[in-house]
Amino acid sequence: DTELIGDITPKLIGSSNDKAAVSTAATTSGSSSNGSAWNAANTWEEKDYTQWAKDKLTSLIVIDESIGLPSTVPYNIKVRKVSDIQGHAQIAHVRGKARYIYEFSLDLSFTISSTDANKKVKYKATVSVTDIINDLLDDIDIASLRWDDSKSAPTGAELAAARSAILNPSTVKAYIIGKVNNFEQEFRKL
């Protein structure tokens, strides 16, 4: 029976013999070293990177950085702060292939001032940015715009021009997409 079955003596879990057997089994089965030893079939395994992702997004959106605007926009927009980041990020190994999964929303506060030397206006506003999702960056949505101080918020034609400058897809949204692209490159290096 011993020749047919082999050694069936009970062994302590975690012994050096078991580790060597698991390592040998993983090598001979062709599994990658990205997954755990328990997941030799590479079916599904994920690791949470949410806190790292929140910190990285916050550091990439530079405070006091001007958002690049087309020359036709008569304003300068500078980032003041990033707040209320909600969401998650994971790296999942599915059937031996790494998948980088994230979904976030955040609030972006900024100042908007006129580029016209004759106008000395400066407003503070916050936008809620939603749908920051891997593979769907064009779907990023500016869900709301609110003026931080309603007493000094723009009015009339100035309000329409300021809103247009902020909500134009080539301004704040393009800035966020650029920063998320940088984030994704860093994320894929992990």
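The values are calculated or read from the model by the stated rules, or taken from the named source; none is laboratory data. Predicted, not measured: the structure shown is a model, and the values here were computed from it. Quick reminder, even Gly has a Cβ in these numbers, built from the backbone with ideal geometry, and neighbours come from all protein chains shown. For accessibility, only protein heavy atoms count, side chains too; no ligands or nucleic acids. Shrake-Rupley method; radii C 1.70, N 1.55, O 1.52, S 1.80 Å.
Give the number of residues within segment 41-64 that are in a loop (DSSP other than H, G, I, E, B), surrounded by 12 or more Cβ atoms within 10 Å (Cβ to Cβ) and touching a Lys or Arg at 6+ places or on another chain (Cβ under 7 Å). Outline the logic, then answer.
The first filter runs over segment 41-64 and keeps only residues in a loop (DSSP other than H, G, I, E, B), leaving 41-43, 49, 61-64.
Checking the rest, the ones that are also surrounded by 12 or more Cβ atoms within 10 Å (Cβ to Cβ) come to 42, 49, 61-63.
Narrowing further to those that are touching a Lys or Arg at 6+ places or on another chain (Cβ under 7 Å): 42, 61, 63.
Counting residues in segment 41-64 that are in a loop (DSSP other than H, G, I, E, B), surrounded by 12 or more Cβ atoms within 10 Å (Cβ to Cβ) and touching a Lys or Arg at 6+ places or on another chain (Cβ under 7 Å) gives 3.
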request  = Specify the residue that is least open to solvent (accessible area, probe 1.4 Å); the eligible residues are those in segment 65-96 that are under 22 Å from Ala161 (Cα atoms), among the hydroxyl-bearing types (Ser, Thr, Tyr) and not in a loop (DSSP other than H, G, I, E, B).
outcome  = Tyr75
ask   = Of all residues in segment 94-108 being in contact (Cβ under 8 Å) with a residue 60 or more places away in the chain and not small (Gly, Ala, Ser), which is farthest from Glu186 (Cα to Cα)?
value = Leu108
message = Within segment 138-151, does at least one residue satisfy the condition of being at pLDDT below 85, out of contact with any Pro (no Cβ under 6 Å at 6 or more places or on another chain) and among the small types (Gly, Ala, Ser)?
response = yes
remark   = Residue pairs within 8 Å by beta carbon, gap of at least six or interchain, first lying in segment 164-182 and modelled with pLDDT under 90 and of a type in the set (Asp, Glu), second loosely packed, with under 14 Cβ neighbours inside 10 Å and not in a helix (DSSP H, G or I), listed first then second, are none
ask   = How many residues, within segment 131-156, are touching a strand residue (DSSP E or B) at 6+ places or on another chain (Cβ under 8 Å) and touching a residue at least 40 places away in the same chain (Cβ under 8 Å)?
value = 3
